[in-house]
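Have a look at the structure below before the remarks.
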Amino acid sequence: MTKELSPTSNAHGYGSGLCYSLALFLTHEANFKYSIAEVEMMAAEGALSFDERERVDVEHVRNVTQRLAAIRWFTHAVHPIRNLVIPDSLPASIRHRLTALQQKCVACTLPEHDGQPTPKDVAWALDETRELLRQIDEFHDVATVKENPSVSRRREPALVFNDRH
């Protein structure tokens, strides 16, 4: 049985539905490398302010660049899951993890976030989303097979700082 959604439930224009919204969130994965490239370009053009002492500290520039790229990525990727509707029919463990995913992703877009998000936070959010989708399938008696990391098509280098300095 499908529940009717109010006209405002899709006001953001991204569509709605639990698995659909999670899948839309996953489509943003490839955009992280573009976020890193944009921030690297800003740093190279001097658009990011570093004093001379900071500029020579490559590790500091790398950390700032990666954190800014993660903030940019979360800001764009979070839209499909910002107003996620989590059905009560799911087991509590899945509901809690969905809520935690949603809250952490939204928090990573806010200036008052404790610390700043890192590429590890991006990787966690993507991996957690995949695992939650798999668990939702299993809850609905859909057989699943976990991804084998040794043959994964996902390219980790997209989550690594491109050292061109």
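The values are calculated or read from the model by the stated rules, or taken from the named source; none is laboratory data. Everything quoted here is computed from the prediction, not taken from an experiment. All Cβ positions, even for glycine, are placed from backbone atoms using ideal geometry, and neighbour counts span all protein chains on display.
Within segment 7-45, being exposed (fewer than 14 other Cβ atoms within 10 Å of the Cβ) and at pLDDT below 65 holds for P7, T8, S9, N10, A11, H12, G13.
The rows are residues; the columns are (1) of a type in the set (S, T, Y); (2) farther than 13 Å from A125 by Cβ; (3) at pLDDT 90 or above.
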| residue | (1), (2), (3) |
| --- | --- |
| V58 | no, yes, no |
| Q66 | no, yes, no |
| A77 | no, no, yes |
| I86 | no, yes, yes |
| R97 | no, no, yes |
| Q103 | no, no, yes |
